[in-house]
Amino acid sequence: MSTTLIAPPGAGGAPRDSRPGAGPRRVGGGLLDPRQLLRGLPDALRKLDPRTLWHNPVMFIVEVGAVFTTVLAVGNPSVFGWLITGWLWLTVVFANLAEAVAEGRGKAQAAALRRTRTDTIARRLTGWSPGDPLDAATHTGQGTGSGSGSGSVGTAVSGVEVAEVPAPQLARGDYVVVVAGELIPGDGDIVEGIASVDESAITGESAPVIRESGGDRSSVTGGTKVLSDRIVVRITQQPGESFIDRMIRLVEGADRRRTPNEIALNILLAALTVIFLLAVATLQPLAVYTKASQPAVPDSAALTSHGITGIVLVSLVVCLIPTTIGALLSAIGIAGMDRLVQRNVLAMSGRAVEAAGDVGTLLLDKTGTITFGNRQARAFLPVDGIDEAMLADAAQLSSLADETPEGRSVVVFAKERHGLRERSPGELRAATFVPFTAQTRMSGVDLADPDADPGRADPGSEEGMPRRQIRKGAASAVVAWVRATGAPVPPQLGEIVDGISAAGSTPLVVAETTRTSTSSAGGPVATRARVLGVIELADVVKTGMRDRFDEMRRMGIRTVMITGDNPLTAKAIAEEAGVDDFLAEATPEDKLALIRAEQAKGHLVAMTGDGTNDAPALAQADVGVAMNTGTSAAKEAGNMVDLDSDPTKLIEIVEIGKQLLITRGALTTFSIANDVAKYFAIIPAMFAGVYGGLDRLNIMRLATPESAILSAVIFNALVIVALIPLALRGVQYVPSSASALLSRNLSRYGVGGIIAPFVGIKIIDLLIQFIPGVG
Amino acid sequence: MSTNVAGALAVALLVAALVITYRPLGDHMYRVYTDRRHLRIERAIYRLTGVHPDSGQRWPVYARGVLAFSLVSVLLLYLLERVQSHLPLGLGFAGVAPPLAWNTAVSFMTNTNWQAYSGESTMGHLVQMAGLAVQNFLSAAVGISVAIAVVRGLTRRRALASAGDPGRSGDPGRPSRGGAAGRAGGAAGGGGPGSTGDELGNFWVDLTRTVIRILLPVCVLAAIVLIAGGAIQNLHGDRVVATLAGGHQTITGGPVASQEAIKEFGTNGGGFYNVNSAHPFENPTSWTNLFEIYLLLAIAFSLPRAFGRMAGDRRQGLAIVSVMAVLALGSFAIGAAFQAVHHGTVPTAVGAATEGTETRFGVPNSSLFASATTLTSTGAVNSFHDSYTSLGGATLLFNMMLGEVAPGGTGSGLYGMLVLAVVTVFVAGLMIGRTPEYLGKRIGSREIRFAALYFLITPILALLGTGIAMGLPGERAGMLNSGAHGLSEVLYAFTSAANNNGSAFAGIGVNTTWYNTALGLVMLFGRLLPMLFVLGMAGSFARQEPVPVTAGTLPTHRPQFAGMLAAVAVVLVALTFFPALALGPLAEGIHS
C-alpha cells in the first residue's frame, strides 16, 4: 500500500491505461516544420567541408562531381552546364540539410537541458557520515518552497562542517545537503531524509515525486528541484558526467557512433557506388569507339568525338549511385534516437535502439505493466444474512475519504456494480472519517445519524457520539474490533477470507457498529456490531494487454511475466493477460538466470527495472530500460532510461527500433529502384543520336537530351528533400508478421520506387523544356 | 513434326529429367558430404598425400587449400602444354606458345574453358587426357567443394547442451520457475571453449569425394552412353580420307566421348574439337544433344537439394532451385523467342534465325543449348553465338552477366546464388525491422562486406576488361565486325572470362599476347577472388550460433522471398550492365 501522498508519474496512472487499446498506428513522430529546413541551412552549408563529408562516401562523390562540373562549366559555360552544376550542389546541400534538421531537433532539446544546468551552489558536508545528527543551521522550515536556505552556512554539532562549493566541483562520494527550494547539485542517492522533488526539468512531468532515503526511490538527478523538506544526498557522479550532461551529449548527437547495422548498410551502399562508378567510367571508351564508328553523326551536348561530356558523365554517376539513402541514412539514425527522446526515453547508444528492434523475448514486470500498480476491488462477498448491496454501500461509505488507489477502487466498483453514486466527502457533513494507521490497520467512517439514510445524511441531527461506525481493514484487525464489542463473528468469514487469499487476492473485511437509543438524551444505548462481508482486492489486468501480447506474438516476440506472486496466482494472471510464459516468485537471481537462458537460445532480451536488485539483470539484458524513479545503480546498468517510468513503454521502444530499421531498408530499396527510370531517361539522351533505335527506350518521351538529363538530376535532388519528413518520422509501422510487412513495404517502396521517378522525371521535363538552352 | 514442336518437347523432356533427378542426385550429394566414413581408395589417397581426413579446417585454411591447389594446377598444366612435343601421344604438335599455354592453363583450372586455340590442331592426346580432362574433373570438384563449405558455414550449429528442447518454451501458462532454472543451468554448462566449432569441413576430403563418388561414376556411364550415340573414343591421330568429291580431308580421332562427358557434367565446356558440340564426333545426334544439355544442368540444379538437406529444411533448397529455374526458363523463353521471330529477310523467309546453327539440331535446340551453356558456366556451344540475332545474343550475354547463378556452374552457381540471397535478405530483413538473418545467421557488417566484395568482382573484371580493350586501338583491331556488333564481341569475351563461362561469341581474334594475358588474368581473378570472399563469408557465418526462428523471422522458403531474390538478381545485373549493353546488342537490335 502506498505511503506516498503524490503518486509518482506514470506508475500505472489512469491516463496511460487507455493507450494499449488504441488503434494499430502508434509509432509516429513530430511533423516537419518548413522553418526547420531554413534553420538547418547554415549547418548544411558548413557540412559541405570535404573533411566532414568524407564520412559519407556517397555524398562525397556527389560533391567531387559537383566540383568537377563547376570547373567544366566555368571553362565552357552553357545554360545546361550551369543548371546541372547548380542542381548537383543542391543535391549535396539537401543531403546535409536532412542531417542538420535531424540534429537541430536534438539541439533544441539540449539547449533546454543546458538551462537547467545553471551554476548551482552546493552545500557540501565534511566530516559527516550517514546517521550522524545534523545541525539546525542546515534545516529550514518544511514545505516553505522558498530559497531561504541557500545562503546559510553553519557548523554542525559534532564537528560536521558545511561549505558552499560550486556544483561542478563535487566529486563522487561527497555528501551535500539540499533543502526546499534548492536545486539538487548533482546525481546521487538520498542517504537521509525524504522530500518531494520537482523533476519537470528532465521529465517534463509537472507533478512532484517523493524521494526518500533507502529503498528504490532514493535516487535524485542533478538539476531537479527540492520542493519540501531537507535531504542529504551522496553524489554518485564524476564531475561533468551527470545524467543531464550525458543527455545533452546524446540529444546533440555528439556521442553518435555508427551502429553495426548502419555500418553494414554503408558497406553495401559503398559497393553499389563502386559498381556504378565503374559502369560509367568504363562506358567512356565504349562511347568513344561508338562515336568514332559513326563519324557522320554530329556532336551533341552529351556525346562528342572525345566521348561523353564530363557534365553528362557526372550526372549519370550521381543519378545512379544511391544518393537518396546515402543522404538520409544518418538523419534516419538521429531521428530514431529523437523519437525515443520525444517519448521521454533516453537511449545511451544507438546500438541499444537497434537491438530493441531485434528483441525476441520481453520480460515484463507484472505490477504496473500488465496489471494496474495497485490492487483493485473486484467483488463484494457478504456473509450470510447480509445483502450484497448493503455491503457495497457500507464499503463505499467507509472508502469515501480513502484516497489510496485501493480505496478509490472500492468507491468506483460499488458505483459500477451497484449503481451507488459517488458521494463527495462534503456531502456527509455528519461523517467523520477515520484514516488508516499502522496501529489500527483499519480505516472507516463514523456517522452521526443512524436513522437517516446514509446516502442522504441529515445535517440537522448532530450528537456527540457517532451512531454508526463502519470499518474496513485487514481481517484480523476488523475481527478484533468486532469481538471487542462482544459480538460474534460468523465462522463463514474465515472461509471467505481464506478462499480469497488462496486465489492470490487480498481480502478486506468490512464491519459496522450501530447504536440505538430510545430517548434523545442520556437514555440506554444498545450497541450492535456485526461483520458485513469481505471486499476482494485483486490485480486487475490492464485493458488491451491481451491484444498487445497477441500483436507481439505475431511479431515473433515472446512475452514473459515476472512476478513475486506464488505460481498459482501468477498462472491465473498470466492466463488472463495472455502472456506466453511467466516467472513466479522471482528473485533477482531468477531474472538473471532467465535472461541468460533466453540469450543462450539466441534470443535478444529486453526488460525494465528500477531497483538496485534489478541492476545485474538490466546489465545482462540486451535492452535494459531503467525507470527514472529507480536507483542510480539501475540507471547505470541499463542502456535506456525511461523518464516517465512507464514500464509499458518497452513495447513502444521495440516498435521504434523496428521502425528505424524498416525506414533504412525501405529507403534503400526505393533508392535502388529509382535507378531504372533514370537509365531510361539518360541512356537514350546520350546515345539516341548515334543509334536512332535507342530513342525507343525514351519511353517517357522526354523533350530533348538536355532536358532528360537535367530532369533526372533535378528529380534525384528533390526526392531527397521530399523524403526528409519520412526519414525523420520513420515509415509507418504496423505490427504484423514478417511476410505481411515485407509485402507491404516491397510494394510501397520497391514497386513505388520504380514508378515514382518515371512520373516525377516526366513532370519536371514538362516544366523545364521551356528553359532556353535546355528545351 | 515441326522444329518448334520438337523444341518444345525437348524442353519438356529436359525439365522432366531434371525434376526426376533432383531428389536422388541431391540426396546422393548430401550423403557424400555428410558421410563420416571413408572409402578404401580414399583412405589410400589420404595416406599418400598426407591428409588427415577427419580434421576440420577453418575458413582461412580451407581457402588456402583451394588457392594452393588451383595455382599448382595452373603450373602443372602450363608445363604439360609447353613440353608436349617431347612426350608420347603428342601427335607431332609443337609445344604450346607461352601466352596461349598460360591462357589455356588458367582457363581449364578455373572451370572456364575459354579456348583461344582449336583443339584438334594444337593439343596432343596426352595434354587432352592428362591435362585438360583432369582439370575438367578437378576444377568442377573444387567448385562443388567450395559450395559445400559455404553451405556448412551457413548451416553450422554448435551442439547445444540442453537448450535443444523447443517443446518446453512458448508454452503459455506453464509454471516456469523450475524450467528457467534448468535452462540457465544448461546454458552455463554448454558452449564451452573446447572446439572452435567454426570449421567448414576439409577441402582435401571434399575434393577427393567429389571426384570419386560423384564425377567419375556418372562420367563413366555418360561416356558409354555417348559412345552408344556415336561419339568416338580412340587414340588415333589424323586420318586422311578421300572425299566423294575427290578431295582429301584430314580427320582427327581421339578420346572424345570420355572428355565430352566431364565437359558437360562438370560444366567445363572445353571441346575436343574447335567447333565444340557442333562437331558430330562430340555430339552426334539430337538425342545426344539433349543428353549433353541435361548433363551440364544436372549438378547445378540438384545441389540446392543437398543444401536444403544440410540446412535441415528442404524448402530452403526448393526456394533456391525455383529461383534458378524461373530465371533459366524465363531467359530461355526470351532468347528462343528472339531467335524464332526476327524481322530480317532471311529469318522471315525460313521461319527462324538459322544462321550459325547446326542443321542437325535446328533453331530451338540450338537456342536451348545456348541458353543452358551460358546459364551454367559451361561454355560449350553447338551453334555460333556471334550469328544470333542481336537481342538473342544479348540474352546470352545477360545470362552470363547474372553471375552464373541460374543454375550456374558446378558449385559456383549455388554459392553465387547464396551470396545473392544474403544480399536480398539484408535489404528485405531491414524492411521487416530486424537485423537481417539468413537460416538463423545474422548478417552483420563483416558478412555484408564479404558479400559486397564477391558481387563487385565479376562486373569490375568484365567492364574494366572491355573498357581497356575498347580503349586500345590495337586490341580493337581484333574485332572482325565494326560498330555495335564489334563492341558486343569484346564485351562477350570479357563477360565470358570474368564469369568463368568460356563460351565464345567468336568473331574476334583473341589468340594474341594481349588477349591471352588479359583474359587469363580476368579468368583467374574471376574464379579465385569470389571463392576467397565467399569462403570468408561462410567462415564468419560459421562462428555464429543461429538465432531461433520466430514469427518475426523473414521466411526464406516462400515464393515471396524467391520472387524478390530473382528480382534482385535481374535488377542488379541490369543496372550494372545496361550502359554497356545499350551500346552493344541493344543499339544493334532495337530499330527505330
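The values are calculated or read from the model by the stated rules, or taken from the named source; none is laboratory data. Computed from a predicted model, the values in this text were never measured in an experiment. Ideal geometry is used to build each Cβ from the backbone, glycine not excepted, and the neighbour counts take in all protein chains shown. The protein model used for the area step is the full one, side chains on, heavy atoms only, and it has no ligands, DNA or RNA in it. Shrake-Rupley method; radii C 1.70, N 1.55, O 1.52, S 1.80 Å.
Could you please find all residues in segment A:669-690 being surrounded by fewer than 24 Cβ atoms within 10 Å (Cβ to Cβ), facing chain B (nearest Cβ under 8 Å) and over 51 Å from the mean Cα position of the chain (by Cα)?
Of everything in segment A:669-690, just one residue is surrounded by fewer than 24 Cβ atoms within 10 Å (Cβ to Cβ), facing chain B (nearest Cβ under 8 Å) and over 51 Å from the mean Cα position of the chain (by Cα), namely A:Val690.
Can you find a residue that is closer than 27 Å to B:Ser482 by Cβ and open to solvent by 10 Å² or more (accessible area, probe 1.4 Å) anywhere in segment A:313-329?
Going through segment A:313-329, the residues closer than 27 Å to B:Ser482 by Cβ turn out to be A:313, A:316.
Then drop every residue that is not open to solvent by 10 Å² or more (accessible area, probe 1.4 Å), which leaves A:313.
Yes: segment A:313-329 contains one or more residues that are closer than 27 Å to B:Ser482 by Cβ and open to solvent by 10 Å² or more (accessible area, probe 1.4 Å).
For segment B:14-39, give me each residue that is modelled with pLDDT of 95 or more and open to solvent by 80 Å² or more (accessible area, probe 1.4 Å).
Across segment B:14-39, the qualifying residues are B:Val19, B:Ile20, B:Arg23, B:Arg31.
Any residue that is over 30 Å from A:Arg124 (Cβ atoms) and of a type in the set (Val, Ile, Thr) - is there at least one of those in segment A:217-224? If you could, list the steps in order and put the result at the bottom.
Here is the first cut: in segment A:217-224, the ones over 30 Å from A:Arg124 (Cβ atoms) are none.
No.
Identify, by number, the condition in (1) in contact with a Phe, Trp or Tyr (Cβ under 6 Å, 6 or more places away or on another chain); (2) under 20 Å from B:Gln115 (Cα atoms); (3) surrounded by fewer than 24 Cβ atoms within 10 Å (Cβ to Cβ) that B:Gly520 doesn't meet.
Here B:Gly520 meets the rest and fails (3).
Would you check which residues across segment A:422-455 are open to solvent by 40 Å² or more (accessible area, probe 1.4 Å) and modelled with pLDDT of 70 or more and list them? Write out each step before concluding.
Quick first cut of segment A:422-455, residues open to solvent by 40 Å² or more (accessible area, probe 1.4 Å) only: A:422, A:424-427, A:429, A:432-441, A:451, A:453.
Of everything in segment A:422-455, those that are open to solvent by 40 Å² or more (accessible area, probe 1.4 Å) and modelled with pLDDT of 70 or more turn out to be A:Thr432, A:Phe433, A:Val434, A:Pro435, A:Phe436, A:Thr437, A:Ala438, A:Gln439, A:Thr440, A:Arg441.
Applying the selection to segment A:278-295, what residues are part of a loop (DSSP other than H, G, I, E, B), under 56 Å from the mean Cα position of the chain (by Cα) and either in contact (Cβ under 8 Å) with a residue 60 or more places away in the chain or within 17 Å of B:Glu588 (Cα to Cα) (or both)?
Residues of segment A:278-295 that are part of a loop (DSSP other than H, G, I, E, B), as a first pass: A:282, A:294-295.
Remaining after also requiring under 56 Å from the mean Cα position of the chain (by Cα): A:282.
None; the set is empty.
Name the single residue, out of those in segment B:443-457 being open to solvent by 20 Å² or more (accessible area, probe 1.4 Å) and touching a Pro at 6+ places or on another chain (Cβ under 7 Å), that is nearest to the other protein chains (Cβ to nearest Cβ).
B:Ser445
From (1) under 30 Å from B:Ser540 (Cβ atoms); (2) in contact (Cβ under 8 Å) with a residue 12 or more places away in the chain, pick out the condition that doesn't hold for B:Val83.
(1)
Condition (residue is open to solvent by less than 30 Å² (accessible area, probe 1.4 Å), farther than 19 Å from A:Ala738 by Cα, more than 7 Å from every other protein chain (Cβ to nearest Cβ) and in contact with a helix residue (DSSP H, G or I) (Cβ under 9 Å, 6 or more places away or on another chain)) applied to segment B:541-548: is it met by at least one residue?
At the first step, the residues of segment B:541-548 found to be open to solvent by less than 30 Å² (accessible area, probe 1.4 Å) are B:541-542, B:546-547.
Within this subset, residues satisfying the condition of being farther than 19 Å from A:Ala738 by Cα are B:541-542.
Okay, now just the ones that are also more than 7 Å from every other protein chain (Cβ to nearest Cβ), so B:541-542.
Within this subset, residues satisfying the condition of being in contact with a helix residue (DSSP H, G or I) (Cβ under 9 Å, 6 or more places away or on another chain) are B:541-542.
Yes: segment B:541-548 contains one or more residues that are open to solvent by less than 30 Å² (accessible area, probe 1.4 Å), farther than 19 Å from A:Ala738 by Cα, more than 7 Å from every other protein chain (Cβ to nearest Cβ) and in contact with a helix residue (DSSP H, G or I) (Cβ under 9 Å, 6 or more places away or on another chain).
Anything in segment A:358-368 that is in a helix (DSSP H, G or I) and surrounded by 24 or more Cβ atoms within 10 Å (Cβ to Cβ)? List them, or say none.
First pass over segment A:358-368, keeping only residues in a helix (DSSP H, G or I): A:358, A:366-368.
Scanning segment A:358-368 gives A:Asp358, A:Lys366.
Suppose we filter B:Ala116, B:Ala140 for residues that are in a helix (DSSP H, G or I), of a type in the set (Gly, Ala, Ser) and in contact (Cβ under 8 Å) with a residue 40 or more places away in the chain; which single one remains? Give the steps one after another, and end with the answer.
Values: B:Ala116 fails: in a helix (DSSP H, G or I).
Going through B:Ala116, B:Ala140 in turn, just one is in a helix (DSSP H, G or I), of a type in the set (Gly, Ala, Ser) and in contact (Cβ under 8 Å) with a residue 40 or more places away in the chain: B:Ala140.
With the condition kept exactly as written, say whether any residue in segment A:709-729 is outside any helix (DSSP H, G or I), surrounded by fewer than 20 Cβ atoms within 10 Å (Cβ to Cβ) and in contact with a helix residue (DSSP H, G or I) (Cβ under 8 Å, 6 or more places away or on another chain).
At the first step, the residues of segment A:709-729 found to be outside any helix (DSSP H, G or I) are none.
No: segment A:709-729 contains no residue that is outside any helix (DSSP H, G or I), surrounded by fewer than 20 Cβ atoms within 10 Å (Cβ to Cβ) and in contact with a helix residue (DSSP H, G or I) (Cβ under 8 Å, 6 or more places away or on another chain).
Can you tell me how many residues in segment B:462-499 are open to solvent by 30 Å² or more (accessible area, probe 1.4 Å), farther than 17 Å from A:Lys291 by Cα and either assigned to a loop (DSSP other than H, G, I, E, B) or within 11 Å of chain A (Cβ to nearest Cβ) (or both)? So that I can check it myself, show each step before the final result.
Going residue by residue through segment B:462-499, those that are open to solvent by 30 Å² or more (accessible area, probe 1.4 Å) are B:464, B:468, B:471-477, B:480-482.
Filter again for farther than 17 Å from A:Lys291 by Cα, leaving B:464, B:474-475, B:480.
After this cut, where a residue has to be either assigned to a loop (DSSP other than H, G, I, E, B) or within 11 Å of chain A (Cβ to nearest Cβ) (or both) as well, the list is B:464, B:475, B:480.
Count: 3.
So which residues in segment A:546-573 are hydrophobic (A, V, I, L, M, F, W, C), farther than 13 Å from A:Asp365 by Cβ and in a helix (DSSP H, G or I)?
As a first pass, look at segment A:546-573 and keep what is hydrophobic (A, V, I, L, M, F, W, C): A:549, A:552, A:555, A:557, A:560-562, A:568, A:570, A:572-573.
Now drop any that are not farther than 13 Å from A:Asp365 by Cβ, which leaves A:549, A:552, A:555, A:557, A:568, A:572.
Scanning segment A:546-573 gives A:Phe549, A:Met552, A:Leu568, A:Ala572.
Considering only segment A:565-595, state which residues are more than 8 Å from chain B (Cβ to nearest Cβ), closer than 18 Å to A:Thr648 by Cα and free of Cβ contacts under 8 Å to residues at least 60 places away in the same chain.
Answer for segment A:565-595, where residues must be more than 8 Å from chain B (Cβ to nearest Cβ), closer than 18 Å to A:Thr648 by Cα and free of Cβ contacts under 8 Å to residues at least 60 places away in the same chain: just A:Glu576.
If a residue has to be at pLDDT 95 or above and more than 25 Å from the chain's Cα centre (by Cα) to count, how many in segment B:49-79 make the cut?
Number satisfying all stated conditions: 1.
Determine which member of the set A:Ala703, A:Ala666 is small (Gly, Ala, Ser), in a helix (DSSP H, G or I) and either more than 10 Å from chain B (Cβ to nearest Cβ) or in contact (Cβ under 8 Å) with a residue 60 or more places away in the chain (or both).
On the way: A:Ala703 fails: in a helix (DSSP H, G or I).
Just one listed residue meets the conditions, A:Ala666.
Could you tell me whether segment B:400-407 includes any residue that is more than 14 Å from chain A (Cβ to nearest Cβ), open to solvent by 10 Å² or more (accessible area, probe 1.4 Å) and not in a helix (DSSP H, G or I)? Steps first, answer last, please.
Of all residues in segment B:400-407, those more than 14 Å from chain A (Cβ to nearest Cβ) come to B:400, B:402, B:404-407.
When the remaining residues are screened for being open to solvent by 10 Å² or more (accessible area, probe 1.4 Å), the result is B:402.
Narrowing the set further to residues that are not in a helix (DSSP H, G or I) leaves B:402.
Within segment B:400-407, one or more residues are more than 14 Å from chain A (Cβ to nearest Cβ), open to solvent by 10 Å² or more (accessible area, probe 1.4 Å) and not in a helix (DSSP H, G or I).
Among the residues of segment A:384-411, count how many are outside any helix (DSSP H, G or I), farther than 23 Å from A:Glu495 by Cβ and out of contact with any Ser or Thr (no Cβ under 7 Å at 6 or more places or on another chain).
Kept after step one, since they are outside any helix (DSSP H, G or I), are these residues of segment A:384-411: A:384-387, A:400-404.
Now restrict to residues that are farther than 23 Å from A:Glu495 by Cβ: A:400-404.
Now drop any that are not out of contact with any Ser or Thr (no Cβ under 7 Å at 6 or more places or on another chain), which leaves A:400-401, A:403.
Adding up the residues that qualify gives 3.
Which one of these is modelled with pLDDT of 95 or more and buried (at least 20 other Cβ atoms within 10 Å of the Cβ): B:Gly507, B:Gly502, B:Gly536, B:Gly552?
Numbers: B:Gly507 fails: modelled with pLDDT of 95 or more; B:Gly502 fails: modelled with pLDDT of 95 or more; B:Gly552 fails: modelled with pLDDT of 95 or more.
Within the list B:Gly507, B:Gly502, B:Gly536, B:Gly552, the selection yields B:Gly536.
Within segment A:286-306, which residues are within 11 Å of another protein chain (Cβ to nearest Cβ) and crowded, with 20+ Cβ neighbours inside 10 Å? If you could, list the steps in order and put the result at the bottom.
Keep residues of segment A:286-306 that are within 11 Å of another protein chain (Cβ to nearest Cβ), which gives A:286-294, A:303.
Answer for segment A:286-306, where residues must be within 11 Å of another protein chain (Cβ to nearest Cβ) and crowded, with 20+ Cβ neighbours inside 10 Å: A:Leu286, A:Ala287, A:Tyr289, A:Thr290, A:Lys291, A:Leu303.
Does segment B:176-199 include one or more residues that are part of a loop (DSSP other than H, G, I, E, B), at pLDDT 60 or above and not charged (D, E, K, R)? Working first, answer last.
Here is the first cut: in segment B:176-199, the ones part of a loop (DSSP other than H, G, I, E, B) are B:176, B:190-199.
Still in the running and at pLDDT 60 or above: B:196-199.
Those still in the list that are not charged (D, E, K, R) too: B:196-197.
Yes, because at least one residue in segment B:176-199 is part of a loop (DSSP other than H, G, I, E, B), at pLDDT 60 or above and not charged (D, E, K, R).
What's the number of the only condition in (1) within 14 Å of chain A (Cβ to nearest Cβ); (2) part of a helix (DSSP H, G or I); (3) buried (at least 24 other Cβ atoms within 10 Å of the Cβ) that B:Arg434 fails to meet?
Result: B:Arg434 passes all but (2).
The rows are residues; the columns are (1) surrounded by fewer than 20 Cβ atoms within 10 Å (Cβ to Cβ); (2) free of Cβ contacts under 8 Å to residues at least 24 places away in the same chain; (3) in contact with a Gly (Cβ under 8 Å, 6 or more places away or on another chain).
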position: B:Arg305; (1), (2), (3): no, no, yes
position: B:Met310; (1), (2), (3): no, no, no
position: B:Leu327; (1), (2), (3): no, no, no
position: B:Ala337; (1), (2), (3): yes, yes, no
position: B:Gly344; (1), (2), (3): yes, no, no
position: B:Ala353; (1), (2), (3): no, no, yes
position: B:Glu358; (1), (2), (3): no, no, no
position: B:Leu368; (1), (2), (3): no, no, yes
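For A:Glu598, which of the numbered conditions (1) assigned to a helix (DSSP H, G or I); (2) open to solvent by 30 Å² or more (accessible area, probe 1.4 Å); (3) facing chain B (nearest Cβ under 10 Å) fails to hold?
Looking at each condition in turn, A:Glu598 falls short on (2).
So, restricting to strands (runs of 3 or more DSSP E) that lie completely within segment A:601-659, which ones have at least 2 residues that are under 27 Å from B:Gln544 (Cα atoms)?
Of the strands (runs of 3 or more DSSP E) lying wholly inside segment A:601-659, those with at least 2 residues that are under 27 Å from B:Gln544 (Cα atoms) span A:605-609, A:623-627.
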